[in-house]
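Asks: Okay, handing you the structure first.
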Amino acid sequence: MPAPRPRIFRPTPANLARLAAALRRGALVGVPAETVYGLAADALDPAACAAIFTAKGRPSTDPLIVHLAAARDLPKVAITNAAIAPLARAFWPGPLTLVLPKLSCIPDLITAGRPTVAVRVPGHPLFRELIRLAGRPLAAPSANPFGYISPTRAAHVRDGLTGTALRAVLDGGECTVGVESTILDLTDPDHPRLLRPGGIAVEALERVLGRPVLRPKPARLSPAAAAPAPGMLAQHYSPRTPLQLHPRLDVAALDALPADEAALLLAKPARLVRATERKRIRWLSETGAEAEIARHLFARLRELDAGGWRRLHAELPAGTEGLVPAIRDRLLRAAAKR
Ligand code: AMP
Ligand code: MG
């Protein structure tokens with residue numbers, strides 16, 4: 001018998017009602033987010049959450065993010081503090097996750113046994129609608145096998161999780177942000193700590209908080225050092241093809257690439273490469289705009305990974321502001337040796 005393949009559902013009212021009912025029964029559903037597609041389950045049902053870990057092959061030490069339909073639901077899952085309201089007003093719905101002391105209704109499985117829970121209100125309206133219809137918070141990590149490139153289209157979810165307990169994916173189009181949320185530890189509101197760079201710039205958080213955010217040292221990205229947050233492994237988001245990073249790949253470097261290797265550029269090259277090269281030289285943006293680079297990063301990496309190349313090369317952007325830290329973080333982990 002062929003492996004069960006998840007079915008992709010168009011976002012009609014009838015399908016949304018049907019998927020919400022499946023979530024209430026404890027099923028898994030692939031959901032669109034502005035960040036990357038999620039693998040959602042009822043956050044208050046430990047068995048449903050356990051199925052997320054099994055489907056992804058995710059270690060139980062890696063906690064899940066809980067998603068709410070609105071910021072006003074936050075006191076139902078976490079202990080709030082005064083630093084939250086301005087952040088929620090500025091960035092929710094959107095790609096900001098807050099780590100806060102958890103309430104007892106949140107299963108230990110979700111938090112990997114920690115006393116804190118990661119929470120956000122997603123920016124994709126279909127995701128929020130599904131949470132509302134399901135009538136409960138939804139736990140959702142990215143909807144990909146653990147460690148592989150994150151999914152930014154419904155078809156990525158279907159193809160990656162065929163053969164698992166997942167039966168349904170809600171199609172919400174291409175993810176508009178394209179990288180995961182920024183995770184901020186607000187357990188101690190006087191000392192906010194960045195746990196993961198993501199879709200919201202840290203400087204923007206600092207402006208709203210009116211205080212500096214502690215950032216993990218870049219050295220922490222080395223495999224030997226401790227990760228800044230549970231589950232932040234040195235190697236992640238990885239294509240199966242070996243990936244090598246470069247500060248810049250100019251036309252001469254591209255011309256010198258062996259015929260069985262491919263390259264991913266940050267922006268369209270000034271001089272168009274030969275027609276025969278078009279297949280193995282891709283770019284993430286027309287002009288180098290960072291939002292466009294982030295949006296296309298995972299999908300282009302997947303395309304190149306499926307191309308049968310012996311090795312992939314990619315340009316690593318320089319900088320410490322805006323979306324650059326998130327783009328650098330994903331590329332550095334994707335290229336890390338397993
Ligand atoms: P994702 O894989 O995008 O679902 O992101 C989940 C990540 O959020 C985990 O890998 C952790 O790094 C982080 N996280 C979730 N819950 C917590 C928590 N309670 N404390 C610290 N980090 C957390
Ligand atoms: Mg993930």
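Asks: At a Cα cut-off below 12 Å, give the aspartates and glutamates reachable from residue 279, other chains included and same-chain residues fewer than 8 away excluded.
Replies: 260, 261, 303
Asks: Relative to the Cα centre, what is the charge dipole magnitude of the range 1-74, using +1 at the beta carbon of each Lys and Arg, -1 at the beta carbon of each Asp and Glu, and rounding to the nearest 20 debye?
Replies: 340 debye
Asks: Let me ask you something else. Which value, in debye to the nearest 20, gives the size of the charge dipole of the chain about its Cα centre, when Lys and Arg are +1 and Asp and Glu are -1 at the Cβ?
Replies: The dipole of the chain has a size of about 620 debye.
Asks: By how many degrees, 0 to 90 and rounded to 10, does the Cα axis of helix 324-335 deviate from the longest principal axis of the chain?
Replies: 70 degrees
Asks: Per residue, how much space in cubic angstrom lies within the convex hull of the C-alpha atoms of the range 86-188?
Replies: Considering the Cα atoms of the range 86-188, their hull volume per residue is 132 Å³.
Asks: For the chain, with every protein chain kept in place, what is the accessible area per residue (1.4 Å probe, Å²)?
Replies: Normalised by residue count, the accessible surface of the chain is 43 Å².
Asks: Let me know the charge dipole size of the range 144-264 about its Cα centre in debye, to the nearest 20, where only the beta-carbon of Lys, Arg (+1) and Asp, Glu (-1) is charged.
Replies: The calculated dipole for the range 144-264 is roughly 340 debye.
Asks: Do any of 56/102; 217/268; 102/337 go past 26 Å between their Cα atoms, and which?
Replies: From 56/102; 217/268; 102/337, over 26 Å: 217/268; 102/337.
Asks: Heavy atoms only, probe 1.4 Å: what % of the accessible area of the range 47-153 goes to carbon and sulfur, would you let me know?
Replies: Here it works out to 58 percent.
Asks: Now, a different point. How far apart, in nm, are two points set 7 Å out from the Cα along the Cα-to-Cβ line at residue 278 and at residue 255?
Replies: Going by the 7 Å Cα→Cβ label model, 2.1 nm.
Asks: With unit charges on the beta carbons (Lys and Arg positive, Asp and Glu negative) and the dipole taken about the Cα centre of the chain, which residue among 234, 126, 35 sits farthest to the positive side?
Replies: My answer, from the dipole projection, is 126.
Asks: Counting DSSP beta bridges in the chain, what percent are antiparallel, to the nearest 5?
Replies: If I count the DSSP bridges inside the chain, around 40 percent turn out antiparallel.
Asks: Rg (Å, one decimal) plus Dmax (Å, integer) for the alpha carbons of the chain?
Replies: Looking at the chain, its Cα Rg and Dmax stand at 19.8, 61 Å.
Asks: Right, another one. For the charge dipole of the chain, defined by +1 on Lys and Arg C-beta atoms and -1 on Asp and Glu C-beta atoms about the Cα centroid, which residue among 3, 191, 269 has the Cα displaced farthest towards the positive pole?
Replies: So the residue furthest toward the plus end is 3.
Asks: Taking the 0 to 90 degree range and rounding to the nearest ten, how far is the long axis of helix 46-56 tilted relative to the main principal axis of the chain, both from C-alpha atoms?
Replies: On a 0 to 90 degree scale, this one is about 10.
The values are calculated or read from the model by the stated rules, or taken from the named source; none is laboratory data. What you are looking at is a predicted structure, and each value in this text was computed from that prediction instead of being measured. Positions of Cβ are backbone-derived with ideal geometry, glycine not excepted, and every protein chain shown enters the neighbour counts. Quick note on the areas: whole protein, heavy atoms, side chains included, nothing else; ligands and nucleic acids left out. Shrake-Rupley method; radii C 1.70, N 1.55, O 1.52, S 1.80 Å.
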